[in-house]
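The values are calculated or read from the model by the stated rules, or taken from the named source; none is laboratory data. All values derive from a computational prediction rather than experimental measurement. Cβ coordinates were reconstructed from backbone atoms using ideal geometry, including for glycine residues, and neighbour counts include every protein chain displayed. Accessible surface is based on the protein model in full, side chains and every heavy atom, while ligands, DNA and RNA are left aside. Shrake-Rupley method; radii C 1.70, N 1.55, O 1.52, S 1.80 Å.
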Amino acid sequence: MSELRDVVIIGSGPAGLTAAIYAARANLTPLVFEGLQPGGQLTITTEVENFPGFAHPIEGPELMDAMREQAVRVGTEVRINTIESVDLSQRPFTVKADDGSTVLAKTLIICTGASAKWIGIESEVALQNRGVSACATCDGFFFRGKDVLVVGGGDTAMEEAMYLTRMCNSVTVIHRRDTLRASKVMADRALANPKIRFEWNSAVKEIKDVTLGKVTGVVLESTIDGSTKDLACDGVFVAIGHQPNTGLFKDQLPMDANGYLVTDGVKTIVDGCFAAGDVWDTHYRQAVTAAGMGCQAAIDAIRFIEANEH
Ligand code: NAP
């Protein structure tokens, strides 16, 4: 017999763990599947300064450890597994984990988030949190008065570049073509910003300096003739898009062209199935907003169970 749970939460970022805290405090003993990146995207950032309640910066992994501990203390069960399949065609939903176990869920809260896309070069991995970042809102503050690069030509890259001009000495956008993908209004705004410089038809071939353990510059490669040149900088912000983690829900829940879930707030089209955080939110993408949505999803799940059982 498969185990039957009131609330199953997939994902353990701020959305998932906040949902767990609320569901646990309603005595529903939620089950959280942590997934491949326990703690979510905050675990690959350094200091977090914009999550309310911390007068002094807290390290991203430390914040997520505290959230997890809080969720467990109030009655959440956390399992390390990743989920291999979900069947939303009937309630209770069937959730299969990578250890072969099956759980039946009266309600499901999807908090699988999104992952930043990376360029795919070795030095980028080695220098993450040492000058390489995928979030200007999170890390820009640490580059006050410094020279930084933003990689990408879409709306996110323009938004990140403009944000960084507020605190950085210079911002150079590296784009692989000679026209921006960004919407006209965002592109015009960035192009008119005197603090933003553009390196067109360029790709980042290497980020230096892995030996020193901090970013000192990049090697740029021309996408036209393959020629290379060095460019000094203190930080590299990669803004080439995000990939939502929604593969499990293909053909079961509606998604937009980029694979994000299409929801009505935290409600999906399937009764009893909710979603919170970056898995559908392409606009705010903040830990605190994800946590807020996790809270909303849990409250809706609690009410759904009450309505169905009484
Ligand atoms: P995006 O629109 O997919 O743009 C990604 C950019 O990164 C493109 O310019 C692309 O180059 C470049 N790129 C992709 N892979 C690359 C690689 N491996 N190496 C170098 N460059 C690479 O993604 P986004 O900017 O994150 O935007 C996602 C969605 O959110 C869009 O619909 C956007 O409009 C929306 N958004 C809106 C706002 C706003 O309105 N305020 C803000 C942020 C995002 P190519 O152009 O050559 O393909």
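Grab the other residues whose beta carbon is less than 12 angstrom from that of His175, score K and R as +1, D and E as -1, and report the net. Local net charge: +2.
The solvent-accessible area of Asp65, taken with every protein chain present and a 1.4 Å probe, is close to 100 Å². Cut-off under 29 Å on the C-alpha distance; same-chain residues fewer than 8 positions from Lys146 excluded. Which lysines are left, in chain and number order? Candidates past the 8-residue exclusion: Lys117, Lys184, Lys195, Lys205, Lys208, Lys214, Lys229. For Ala276, what is the net charge nearby, where nearby means another residue's Cβ is under 12 Å from its Cβ and Lys, Arg count +1, Asp, Glu -1? Local net charge: -2. Placing a label point 7 Å from the Cα of Glu77 along the Cα-to-Cβ direction, the residues of region 1-38 whose backbone N falls under 14 Å of that point are 1-9, 24, 28-34.
Here Asp256 and Met1 are evaluated by their C-beta separation; at R0 = 35 Å the FRET efficiency comes out at 0.35. Region 178-195 and region 63-118 have Cα centres spaced 40 Å apart.
Choose one answer from Ile21, Ile121, Ile109: the residue with the largest mean-square fluctuation in a GNM of the chain with alpha-carbon springs under 10 Å. Residue with maximal mean-square fluctuation among Ile21, Ile121, Ile109: Ile121. Here the simple spin-label model places points 7 Å from the Cα toward Cβ, and for Ala66 and Asp178 these points are separated by 5.1 nm.
Which whole number in µm²/s is D for region 169-225 by Stokes-Einstein, with the Kirkwood Rh taken over Cα pairs at 37 °C and 0.692 mPa s? So the translational diffusion coefficient is about 257 µm²/s.
Placing a label point 7 Å from the Cα of Arg166 along the Cα-to-Cβ direction, the residues of region 177-195 whose backbone N falls under 16 Å from that point are 190, 195. You can think of it this way: the chain between Ser101 and Thr137 has 9.1 nm of extra reach, that is 0.36 nm per residue less the Cα-Cα gap.
Over region 40-163, the alpha carbon radius of gyration divided by the compact-protein estimate 2.2 N^0.38 Å works out to 1.36.
Across the chain, the mean sequence separation of Cα contacts (distance under 8 Å, 6 or more residues apart), normalised by length, yields a relative contact order of 21 percent. Qualifying chymotrypsin sites (Phe, Trp or Tyr not before Pro) in region 260-290, where qualification requires a DSSP coil assignment and no more than 16 other C-beta atoms within 10 Å, comprise Tyr284.
Cα axis of helix 287-309 to longest principal axis of the chain: angle in degrees, 0 to 90, nearest 10? Approximately 20 degrees, to the nearest 10.
Loop-located GluC sites (Glu not before Pro) in region 15-75 (DSSP state other than H, G, I, E, B) with a sparse environment of at most 15 neighbouring Cβ atoms within 10 Å: Glu49.
Computed across the chain, the Kirkwood radius stands at 20.6 Å (inverse of mean 1/r, all Cα pairs).
In region 72-207, Cα pairs under 8 Å separated by at least six residues give a relative contact order of 17 percent.
Unpaired Cys in the chain, meaning no second Cys C-beta under 4.7 Å: Cys111, Cys168, Cys233, Cys273, Cys295. Qualifying chymotrypsin sites (Phe, Trp or Tyr not before Pro) in region 114-143, where qualification requires a DSSP coil assignment and no more than 16 other C-beta atoms within 10 Å, comprise Trp118.
Highest GNM mean-square fluctuation among Ser123, Ser89, Ser115, for the chain modelled with Cα contacts below 10 Å: Ser89.
Here the gap between Arg91 and Tyr284, fully extended at 0.36 nm per residue and compared with their Cα-Cα distance, gives a gain of 66.3 nm.
Our summary gives region 1-114 a relative contact order of 37 percent, counting only alpha carbon pairs under 8 angstrom and 6 or more residues apart. For region 156-286, the equivalent ellipsoid derived from the Cα gyration tensor has semi-axes of 35, 17, 15 Å, listed largest first.
Remark: the Glu59-Ala307 segment gains 85.3 nm on full extension, using 0.36 nm per residue and subtracting the alpha carbon distance.
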